[in-house]
Amino acid sequence: LENAVTAEYIEQQLTALADEVTVSDVFVMKLRHVQHLARRIRARPKHGGRCASATPIELLRTLNPTPAVCGESRPVATEFIRTQEVFDRGFYGGPVGFVSSTVGEFCVAIRSVLCQPRTLHVFAGAGMVPGSSPVDEWEETAMKMRNVLQLVTDRGPQLSLSEQPNINTLWATMLIEELIRCGVDHFCVCPGSRSTPLAVAI
């Protein structure tokens, strides 16, 4: 139900801005510790429409937050979260990515880590729908955190730059070390194959 509600919401938002909005059938995306129901959603900007001239940030504001991290309906769910949650979500649930002159790519910071001096804040969540078991959802949240927690436990000694196993871990390690040297003390990394070297370097 959660996947269907989120997909329907995104399709409705894109239909107002784009032509040829397509939503794939649901499929299972298997990860190391958990698996997810997923869909591929594609859209083409309307010719001369608002989407064609909208900035990536404006498009992000249209889509975010989705029901997957906020709930439905969005105004009611947002107000409930603000009044009932006892902590500040910070970057959690927000879009994280980049924009260039020709392309933009964003992920939703759900299973993620906020790095502060001597402290890592690990984030994960669950979607509550009619029929959900709070105990089962809590256990699922713990499983979702395992992918992140295993990166920072039992790592052994840190490798020097010359000992890095490949170019990806080398550039990630050099980047993180330089950012720390320049005074950066907060990192938010969304799990994914392209961000793994950064997560390991941190």
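The values are calculated or read from the model by the stated rules, or taken from the named source; none is laboratory data. All values derive from a computational prediction rather than experimental measurement. A quick note on method: Cβ atoms are made from the backbone with ideal geometry, for glycine too, and the neighbour counts reach across all protein chains shown. Heavy atoms of the whole protein, side chains included, go into the accessibility calculation; ligands, DNA and RNA do not. Shrake-Rupley method; radii C 1.70, N 1.55, O 1.52, S 1.80 Å.
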| said: Rounded to the nearest 10 Å², what accessible area does T119 have for a 1.4 Å probe in the complete protein model? | reply: 60 Å²
| query | Based on Cβ point charges of +1 for Lys and Arg and -1 for Asp and Glu, what charge dipole magnitude is obtained for the chain about its Cα centre, in debye rounded to the nearest 20? | reply | 360 debye
| note | Note to self: with every protein chain in place and a 1.4 Å probe, the chain gives an accessible area per residue in Å² of 68 Å²
| task | Please give the peptides 168-177, 17-26 ranked by average Cβ packing (other Cβ atoms within 10 Å per residue), highest first, as a rough proxy for protection. | result | 168-177, 17-26
| Counting each DSSP H run of 4 or more residues in the chain as -39500 (n - 2.57), what helix-only mean residue ellipticity at 222 nm follows after dividing by all residues, to the nearest 500 deg cm²/dmol? | -11500 deg cm²/dmol
| Label of the coordinate-derived value, Kirkwood radius over Cα pairs in Å, listed as (i) 16.8; (ii) 19.2; (iii) 18.1 | (ii)
| task | Report relative contact order for the chain in percent, whole number only (criteria: Cα-Cα under 8 Å, sequence separation at least 6). | result | 16 percent
| request: Would you mind classifying region 93-135 by shape? Square roots of the alpha carbon gyration tensor eigenvalues, ordered a ≥ b ≥ c; an a/c under 1.5 is rounded, otherwise it is prolate if a/b is larger than b/c and oblate if not. | output: oblate
